Amino acid sequence: YLAGDYTTALEKLESAIKLENDPQARLYYGLTLVELGRGSEAVYELKNALDYYPDLFEAQIGLVRAFMLDEKFGSAALQADTAFPLAKTDEQRAQVYYWRAKAQELTPNRASAAKRDWESLLSLPADTYPAAWRTEAQKHLIALSTPSVTPTPSRTPTVTKPATPTRTPTRTPSRTPTPTATPH
């Protein structure tokens with residue numbers, strides 16, 4: 001696992017777990033599954049490992065990443081909240097800010113919280129996290145700061161037929177003689 005050979009690590013860890021259900025083997029098995037992009041399996045393994053290592057930052061942040069892979073973004077953000085107090089270095093705090101920001105952006109109504117986390121990440125020393133994270137954070141902040149324009153449908157004038165004139169009866173003078181007064 002530490003050498004980055006995740007396929008071999010997975011095989012060796014599976015064997016170790018079958019021989020002896022070692023919590024540390026489960027931890028690294030879960031972390032290996034995260035690296036291989038197998039989110040739901042990683043969630044299961046890392047939850048088991050956290051029963052034995054509840055205060056282990058690597059297990060907590062691994063579970064955040066597993067939730068992200070499993071597209072459980074709200075759970076990922078909450079798990080990052082659990083991991084944060086365990087972060088002892090700027091490198092670990094950077095991981096929390098990064099993963100929590102990503103999770104919150106994908107959780108409804110959490111854009112302002114995501115923005116705060118991206119800003120917090122950028123406030124850390126640049127050498128405490130990958131340069132790609134800095135670039136990503138800057139892009140996300142621009143996107144979150146730019147008001148989104150929602151296209152409003154324009155009103156298309158409706159064509160109405162001109163009113164058809166109606167025939168209004170007109171008064172026709174009657175031909176009946178009207179009596180007129182004559183002097184006597």
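The values are calculated or read from the model by the stated rules, or taken from the named source; none is laboratory data. Just so you know, these numbers come straight off a predicted model, no measurement behind them. Cβ atoms come from the backbone with ideal geometry, glycine included; neighbour counts cover every protein chain shown. SASA here: full protein model, heavy atoms, side chains in, ligands and nucleic acids out. Shrake-Rupley method; radii C 1.70, N 1.55, O 1.52, S 1.80 Å.
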* Over the stretch 1-134, relative contact order from alpha-carbon pairs under 8 Å, at least 6 apart, % -> 15 percent
* To do: Report the extension gain between Leu19 and Ala143 in nm, rounded to one decimal, defined as 0.36 nm multiplied by the number of residues separating them, less their alpha carbon distance.
  => 39.6 nm
* Check the straight Cα-Cα distances from Lys18 and name the aspartates and glutamates below 14 Å, setting aside those fewer than 8 residues away within the same chain. => Glu45
* Structure fact -> For Lys139, the accessible surface traced by a 1.4 Å probe with all protein chains present amounts, in square angstrom to the nearest 10, to 140 Å²
* To do: Return the distance in nm (one decimal) between the two label points of a simple spin-label model at Asp55 and Asp5, each offset 7 Å from Cα along Cα→Cβ.
  => 3.5 nm
* Structure fact -> Filtered hits (lysines, Cα-Cα < 29 Å from Lys139, offset >= 8 within chain) -> Lys72, Lys88, Lys102, Lys115
* To do: Label the stretch 96-145 by shape, choosing from rounded, prolate and oblate, from the square roots a ≥ b ≥ c of the eigenvalues of the Cα gyration tensor; if a/c is under 1.5 it is rounded, and otherwise prolate applies when a/b is larger than b/c, oblate when it is not.
  => prolate
* To do: Would you please put 59-72, 16-29, 87-100 in order of how densely packed they are, using the mean number of other Cβ atoms within 10 angstrom per residue and starting with the highest?
  => 59-72, 87-100, 16-29
* Determine the per residue accessible area of the stretch 16-120 with all protein chains present and a 1.4 angstrom probe, expressed in square angstrom. => 50 Å²
